[in-house]
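The values are calculated or read from the model by the stated rules, or taken from the named source; none is laboratory data. Since the structure is predicted, the reported quantities are computational estimates derived from the model, not experimental observations. For neighbour counting, all protein chains shown are included, and Cβ atoms are generated from backbone atoms with ideal geometry for every residue, glycine included. Just the protein is used for accessible areas: all its heavy atoms, side chains included, with ligands, DNA and RNA removed. Shrake-Rupley method; radii C 1.70, N 1.55, O 1.52, S 1.80 Å.
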Amino acid sequence: MKIKTGARFEDLKPVDDELKRRCAMTKRKRGLFKKAIELSTLCEVDIFLCLFDRNRQKVFELRSDEDFDI
């Protein structure tokens, strides 16, 4: 898969280094959760976001409302 970075397109590939991968996961997860919260607030919609980390066998959840459940 190719993504655009500035004026170029680059290949999207997994991060090989475990420490860098964990750091990238943490930063991108935080950014994704922030965007979901913004979307929920601005558009007045309920959000349920679920991420599963295969390497650590861990689930991360975000609910825009505590009462919201699937």
Packing-based ranking, highest mean first, of 39-47, 52-60 given that Cβ atoms within 10 Å are counted | 39-47, 52-60
Which value, in debye to the nearest 20, gives the size of the charge dipole of the chain about its Cα centre, when Lys and Arg are +1 and Asp and Glu are -1 at the Cβ?
-> 680 debye
Counting only protein heavy atoms and rolling a 1.4 Å probe, one gets per residue an accessible area for the chain in Å² of 92 Å²
Pop a pseudo-label 7 angstrom from the Cα along the beta-carbon direction at both Lys2 and Gln57 and give the gap in nm to one decimal.
-> 4.0 nm
Leu19 paired with Thr41, simple spin-label distance in nm, labels 7 Å along Cα-to-beta-carbon = 3.5 nm
Relative contact order %, the chain, counting alpha carbon pairs below 8 Å whose residues are six or more apart = 18 percent
Given the candidates Phe52, Leu42, Ala24, the one whose Cα lies deepest towards the positive end of the charge dipole of the chain, counting +1 at each Lys or Arg C-beta and -1 at each Asp or Glu C-beta, is Ala24
Give the angle, between 0 and 90 degrees and rounded to the nearest 10, that separates the Cα long axis of helix 18-43 from the longest principal axis of the Cα atoms of the chain.
-> 40 degrees
Between beta-carbons, use under 13 Å as the cut-off and find the net charge around Lys58, counting Lys and Arg +1, Asp and Glu -1.
-> +2
